[in-house]
Amino acid sequence: MHKIKTFLLKNGPLLATIAIFILVYAIGGQLYPAMKKPQVFLNLFINNASLLIISIGMTVVVIMGGIDLSVGAMIALSSVASAALLQNNLNPILVMVLMLLMGIGLGFVMGCIIHYLKVEAFVVTLMGQFFARGMAYVINESSVTIKNEFYNFLALTKIHLPYFEKAYVYIPTLAGIVLLIFTFILLTSTRFGRTVYAIGNNEQSALLMGLPVARTKLIVYSFSGFCSALAGIVFSVSLLSGYGGYAQSMEMDAIASVVIGGTALTGGTGTVLGTLFGVMINGIIVSILQFNGTLTSWWTRIGVGVLTLIFIGIQSLFYVGKKEK
Amino acid sequence: MSNPNNEIIRLEGISKNFPGVQALHKVDFCLRKGEIHALVGENGAGKSTLIKVMTGVERCDEGQIFYDGKETVIRSPLHAQNIGISTVYQEVNLCSNISVAENLLLGREPRKLGCIDWKAMNKRAKAIMQDLDVDIDVTQPLGSFSTAIQQIAAIARALEISSVKILILDEPTSSLDAHESDLIFKVMRKLCTSGVGIIFITHFIKQVYEVSDRITVLRNGKLVATHETNSLPTIQLISEMIGRSLAEYDEMKKSEFVVNHKKALLEAKELGRSGEVEPFDLELHAGEVVGLAGLLGSGRTEVAKVLFGIDEPDSGSLSVDDQMIKKHSPFEMIMHGVALCPEDRKASGIVGDLTIRENIILAMQARLGWLKFLSKQKQYEVAEKYIKMLNIATPSPDQLVKNLSGGNQQKVILARWLATDPKLLLLDEPTRGIDVGAKAEIQKMVINLAAEGMGCMFISSELEEVLRTSHRVVVMRDHEKVTELSGEVSEREIMQAMAGGE
């Protein structure tokens, strides 16, 4: 009994997120029976691959007590930059590697400014956002189409799942899943991951405990940069184009997903698994609206907004409950 | 042999300037193998800065450090740790969100395939804590344990660092009760026999004599002297620390209090809150100081919280000045002329980034309501008045509070509540973590306030202090009021009541 109670207290926000997801999905299935098809479920992963990837990076940053507003713009930059490079007939693998290096590089620079110059992460990454978005338009003001066989292959190859007939995902979808598993292990069972939690709780304490605070912070921002560049590649693969206007304010969707997933913006608590459900809740609302067909897509925003508020409420209730113990 | 005196570390002529303050001025210090060396001095004497220099948090402007006989520059806390200097700070500097095991071992955790080997880690952590006679579930987050356990975990972590040669304990016992302090002293002595040098910083003079071999006294950033503990009388130590004679300490006498048979200012009947404090009766009269004694966790703070409406009582009644309190909230109590100085000044009292003036005005403004404007001139008047009255050491009322020493911060909080002109003042550990001189001043102030007709409740873990200030002593044990002593009370009587001995 006691064990169940501590388990509930410890994982309350996460369980609440999962419960809401199941609830929303059940309502959707009830309203539109077609939603019960496995492919609709998989489409959540396919359609939200980029959001999932940047949200994973964002989760790590937020657990550490930081924030990264540059991720949406980084998607645009890496999509348009890779399209431009592919136009010049560069090897597609090389292009991807370059994009990832660029993401890591920009994240690293922002991390350095945040840590060594002690500038607020909010300000630094906002500037990073301006830079990336601006740079994307500097490269090309209009949308650039990608005509590359390797990209076509990635975009169109369906991977069929065992046991489910006609259910499939695309190759880029897997990137998000692999990243999710990797980050889950990273956060829960490595020194690096636990250091991230420690910094999120109290940076000064972490420093005095002799933990490598500077290195960890730089790696975390670089990791977020890596994630957003990867998301940009996934984005450009699925749309087979690059454009400076892609992923407008997607960083806010990512932050909302992270919060809905039970990660506190104050840092120190949260899971990447919760973020997955945060992203999926976002996706399921979109799906329901699509199935409905008469409501405007802006209802998604309202739905996500209301949910985010509810979740922040639930979280603080949990923390109040814990403190009174 | 490079260091014939068994010295582990020797600091020579250390100076350190901060903007506007010379924190250290040509200080010498040395620590021998296997000794417990007490570092004492008033707040602002430079103890913390000296420690920071030794642990690489700050670089000294002048002077040399010889570590193990060789001149060394200590570059960072990590570097200090690596060469064998570990520190446990006054505030528990661990992370409350992760488990005790992680707090103990993170950075040196056992690993399997690059991942943390949780099983081995928890087992090792458990063993480490058991070595210190603490048996807890190390997988629980640190924040779910008491401050005492957290402090012991902090020491355990410091010990875990391979081959500790110097262990610095910065007021480790300031939040512990006698039994828990003893636990730590036991560990300290054990470590000494294995050759570790311990630097022990504390405000408890008694503890200095209890464990230390040598004492170094600092005052105003300068070295006063280093003594063998055996050959230093307490009186001399204290006068060296505060730089003035103890006369004013002695002449402090509480005014005689005669219960005038008027109604009590505050009257609690069967007031209680389940799980926090058992129902109790309490009366506070104008002009009276009532001491509240008890061990850590005996329910002292809970009494104050229930009285002040922070925790809503679920039984009994409370009246102030014959008026029944119906809605229990701090706001309501402030309106009835009650003020509370909370226990943890950093967490729930002081706003470090505001000036002294602004901090003092806060509660006054709240009482007036936000719409009534308090003119700048009036604000300065109030601030100046209390700075003078409470002897707050500051160049101006516009100094940021975070730049003040602990004792002066405490005075600012006191000033804040005095400015609301309360009839009743609840003080929860007002002298915790501040130096001897400031302690005496605050005690004197409480006595004076009572003499002027205010009712005071004085909560403290230091019996001597309770005895010196209070007319009546209420003793708490296990969340229950066990007895009330008045007249000539002896320390022995209180201790017996606290311990529950017959």
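Beyond a 25 Å Cα-Cα separation, which of these cross-linked pairs lie in this structure: B:LYS47/B:LYS70; B:LYS327/B:LYS439; B:LYS326/B:LYS439? Present the calculation step by step, with values, prior to reporting the outcome.
On the way: B:LYS47/B:LYS70 23 Å; B:LYS327/B:LYS439 35 Å; B:LYS326/B:LYS439 36 Å.
In this structure, B:LYS327/B:LYS439; B:LYS326/B:LYS439 lie more than 25 Å apart at Cα.
Each residue of the stretch B:267-283 in turn: what ³J(HN,Hα) in whole Hz from Karplus with 6.51, -1.76, 1.60 and θ = phi - 60°, glycine and Pro shown as x?
Values, residue by residue: 9, 10, 10, 6, 6, x, 8, 4, x, 10, 8, 5, x, 9, 9, 7, 10 Hz.
On a C-alpha basis, how far is the centre of the stretch B:362-410 from the centre of the stretch B:443-470 in Å? Whole number, if you could?
Measuring centre to centre over Cα atoms gives 22 Å.
Have a look at the DSSP beta bridges in the protein assembly as shown and tell me what percent are antiparallel, nearest 5. The partial results should precede the final answer.
Details: 48 of 82 bridges.
Bridges in the protein assembly as shown are about 60 percent antiparallel.
Just to be sure I understand: with springs between alpha-carbon atoms less than 10 Å apart, which residue in A:VAL60, A:VAL178, A:VAL169 has the highest mean-square fluctuation in the Gaussian network model of chain A?
A:VAL178
Sorted by accessible area (1.4 Å probe), largest first, how do B:VAL208, A:VAL119, B:VAL92 line up? If you can, show how the numbers build up before the last one.
Details: B:VAL208 0, A:VAL119 55, B:VAL92 35 Å².
Sorted by accessible area, descending: A:VAL119, B:VAL92, B:VAL208.
What length, rounded to one decimal in nm, is gained on full extension from B:GLU484 through to B:LYS190, with 0.36 nm per residue of separation minus their alpha-carbon distance?
Values: separation 294, 0.36 × 294 = 105.84 nm, distance 3.99 nm.
Fully extending the segment from B:GLU484 to B:LYS190 adds 101.9 nm.
Quick check: with the 1.4 Å probe, what order do B:GLU465, B:GLU58 take by accessible area, largest first? Don't skip to the end; give the middle numbers.
Numbers: B:GLU465 5, B:GLU58 50 Å².
Result, largest first: B:GLU58, B:GLU465.
Taking the alpha-carbon set of the protein assembly as shown, what are its Rg and Dmax in Å?
My reading of the Cα-based Rg and Dmax gives 31.2, 99 Å.
Among the aspartates and glutamates, select those whose C-alpha is under 13 Å from the C-alpha of B:LYS186, and discard any that sit fewer than 8 residues away in the same chain.
Partners found: B:ASP131, B:ASP133, B:GLU210.
Out of residues 5 or more away from B:ARG219 or on other chains, whose amide H comes under 5 Å of its own, with H placed 1.01 Å from N in the peptide plane?
Correct list: B:VAL224.
Give me, ordered by chain and number, the residues 5 or more places off B:MET476 or on other chains with an amide H under 5 Å from its own placed amide H.
Counting only residues 5 or more places away or on other chains, the set is B:ALA293, B:GLY294, B:VAL482.
Given the protein chains as shown and a 1.4 Å probe, how many square angstrom of B:TYR380 are accessible, to the nearest 10?
70
Using a 1.4 angstrom probe on heavy atoms only, work out the carbon and sulfur share of the accessible area of chain A in %. Mind showing how you got there, number by number?
Details: 10470 of 14920 Å².
Roughly 70 percent, rounded to a whole number.
Stick to the Cα atoms of the stretch B:179-246, pair each with every other, and give me the Kirkwood hydrodynamic radius in Å at one decimal.
Taking the inverse mean of 1/r over all distinct Cα pairs, the stretch B:179-246 comes out at 13.1 Å.
Using a 1.4 Å probe, how large is the accessible area of A:HIS115, given in Å² and rounded to the nearest 10?
Approximately 20 Å² for this residue.
At q = 0.11, 0.17, 0.20 Å⁻¹, what log₁₀ I(q)/I(0) does a Debye calculation on the Cα points of the stretch A:109-188 give, no solvent, two decimals?
Debye intensities relative to I(0), on a log10 scale: -0.62, -0.99, -1.01.
Take every residue in peptide A:209-221, count the Cβ atoms of other chains within 10 Å of its Cβ, and give the average of those counts.
Numbers: counts 13, 15, 4, 2, 1, 1, 0, 0, 0, 0, 0, 0, 0.
Mean partner shielding for this stretch: 3.
Using a 1.4 angstrom probe, figure out how much accessible area chain A has per residue, in square angstrom, rounded to the nearest whole. Each step should come with its number before you reach the end.
Numbers: 14920 Å² over 325 residues.
On a per-residue basis, 46 Å².
Using just the helices of chain A, give the 222 nm mean residue ellipticity in deg cm²/dmol: DSSP H runs with n ≥ 4 each add -39,500 (n - 2.57), and the total is spread over all residues, rounded to 500.
Values: 14 runs with 245 residues, N = 325.
One gets -25500 deg cm²/dmol as the mean residue ellipticity at 222 nm.
Where does the stretch B:7-244 land on the Kirkwood hydrodynamic radius, alpha-carbon pairs, in angstrom?
Numbers: mean 1/r = 0.0541 Å⁻¹.
The answer is 18.5 Å.
Among B:VAL351, B:ASN408, B:LEU390, whose Cα lies farthest out toward the positive end of the dipole of the stretch B:350-421, if unit charges sit on the beta carbon of Lys, Arg (+1) and Asp, Glu (-1)?
B:LEU390
Would you mind getting me the FRET efficiency between A:VAL306 and B:MET389? Use the beta-carbon distance for r and R0 = 45 Å, nearest 0.05.
Numbers: r = 54 Å, r/R0 = 1.19.
Between A:VAL306 and B:MET389 the formula returns 0.25.
Please list the non-local residues whose amide H lies under 5 Å from the amide H of A:GLY268, H modeled 1.01 Å from N, same-chain partners needing a gap of 5 or more.
Long-range HN contacts for A:GLY268: A:MET64, A:GLY65, A:GLY200, A:ASN201.
Going 7 Å from the Cα of B:ARG111 along its beta-carbon direction, which residues of the stretch A:181-225 have the amide nitrogen within less than 11 Å of the resulting point?
A:190-193
When the dipole is taken about the Cα centre of the protein assembly as shown, and only Lys, Arg (+1) and Asp, Glu (-1) are charged at their Cβ, what size is it in debye, to the nearest 20? Provide the component values of the computation, followed by the final result.
Values: 76 positive and 78 negative charges, 540 e Å.
My answer is approximately 2600 debye.
Can you work out the FRET efficiency for the pair B:GLN236 and B:ASN448, with r the C-beta to C-beta distance and R0 = 25 Å, to the nearest 0.05? Before the final figure, lay out each step's value.
Values: r = 29 Å, r/R0 = 1.15.
Efficiency, from the Cβ-Cβ distance: 0.30.
Quote to one decimal, in nm, the extra length available between B:ASP322 and B:THR147 on full extension: 0.36 nm per residue of separation minus the C-alpha distance between them.
Details: separation 175, 0.36 × 175 = 63.00 nm, distance 3.83 nm.
So the extension gain works out to 59.2 nm.
At a temperature of 25 °C and a viscosity of 0.890 mPa s, determine how fast chain B diffuses translationally according to Stokes-Einstein, using the Kirkwood radius over alpha-carbon pairs as Rh; express D in µm²/s, rounded to the nearest whole number. Don't jump to the answer; show the numbers that get you there.
Working: Rh = 24.5 Å.
D, rounded to a whole number, is 100 µm²/s.
Determine the share of the stretch B:410-451's accessible area contributed by carbon and sulfur atoms, expressed in whole percent, with a 1.4 angstrom probe.
Details: 350 of 790 Å².
With neighbouring chains kept in place, the figure for the stretch B:410-451 is 44 percent.
Which value at 222 nm does chain B reach when only helices count, each DSSP H run of 4 or more adding -39,500 (n - 2.57), with the total divided by all residues and rounded to the nearest 500 deg cm²/dmol? Numbers along the way, then the final one.
Details: 18 runs with 175 residues, N = 502.
Dividing the helical sum by the residues of chain B leaves -10000 deg cm²/dmol.
So how much accessible surface do A and B hide from each other in total, probe 1.4 Å, in square angstrom to the nearest 100? It would help to have the intermediate numbers written out before the result.
Numbers: alone 15850 and 23000 Å², together 37030 Å².
What A and B bury together is about 1800 Å².
Mind checking the per residue accessible area of the stretch B:53-95 for me, 1.4 Å probe, whole number of Å²? Intermediate results must be reported in sequence, preceding the final value.
On the way: 1950 Å² over 43 residues.
Heavy-atom accessible area per residue stands at 45 Å².
Over the stretch B:350-421, one equal point on each Cα, no solvent: what is log10 I(q)/I(0) by the Debye formula at q = 0.16 Å⁻¹?
-0.46
Once you wrap a convex hull around the alpha carbon atoms of the stretch A:35-248, what is its projected area averaged over all directions, in nm²? It would help to have the intermediate numbers written out before the result.
On the way: hull surface 51.7 nm².
With every direction weighted equally, the projected area is 12.9 nm².
Along the stretch B:93-101, what does the Karplus equation 6.51 cos²θ - 1.76 cosθ + 1.60 (θ = phi - 60°) give for ³J(HN,Hα), rounded to whole Hz, x for Gly and Pro?
Listing the rounded values in order: 9, 10, 9, 6, 8, 9, 5, 4, 4 Hz.
For A:PHE311, A:PHE153, A:PHE291, A:PHE223, what's the largest-to-smallest order of accessible area, 1.4 Å probe?
Working: A:PHE311 5, A:PHE153 105, A:PHE291 80, A:PHE223 30 Å².
Largest accessible area first, the residues go A:PHE153, A:PHE291, A:PHE223, A:PHE311.
Mean-square fluctuation check for chain A, GNM, Cα pairs under 10 Å: which of A:THR263, A:THR275, A:THR296 is largest?
Its mean-square fluctuation being the largest, the pick is A:THR296.
Please give the solvent-accessible surface of B:LYS222 in Å², to the nearest 10, using a probe radius of 1.4 Å with every protein chain present.
Using a 1.4 Å probe on the heavy atoms, I get roughly 110 Å².
How far apart, in nanometres, would the label points at B:ALA366 and A:LEU317 be if each is projected 7 angstrom from Cα along the Cα-to-Cβ direction?
2.7
Just the Kirkwood number for the stretch A:49-122, please: inverse of mean 1/r across all distinct Cα pairs, in Å, one decimal. Can you show the working numbers first?
Values: mean 1/r = 0.0741 Å⁻¹.
Mean inverse Cα-Cα distance, inverted, gives 13.5 Å.
Give me a single rounded figure for B:99-112: the average over its residues of other chain Cβ atoms within 10 Å of their Cβ.
Going residue by residue through B:99-112 and averaging, the value is 3.
Report the calculated FRET efficiency for B:VAL351 and B:ASN6 (r = Cβ-Cβ distance, R0 = 45 Å), to the nearest 0.05. Don't skip to the answer; put the middle values down first.
Working: r = 47 Å, r/R0 = 1.05.
So, using R0 = 45 Å, E works out to roughly 0.40.
The values are calculated or read from the model by the stated rules, or taken from the named source; none is laboratory data. These numbers come from a predicted model, not from an experiment. In this analysis, Cβ positions are derived from the backbone assuming ideal geometry, glycine residues included, and neighbour counts consider all displayed protein chains. These accessible areas exclude ligands, DNA and RNA; they are computed on the full protein's heavy atoms, side chains included. Shrake-Rupley method; radii C 1.70, N 1.55, O 1.52, S 1.80 Å.
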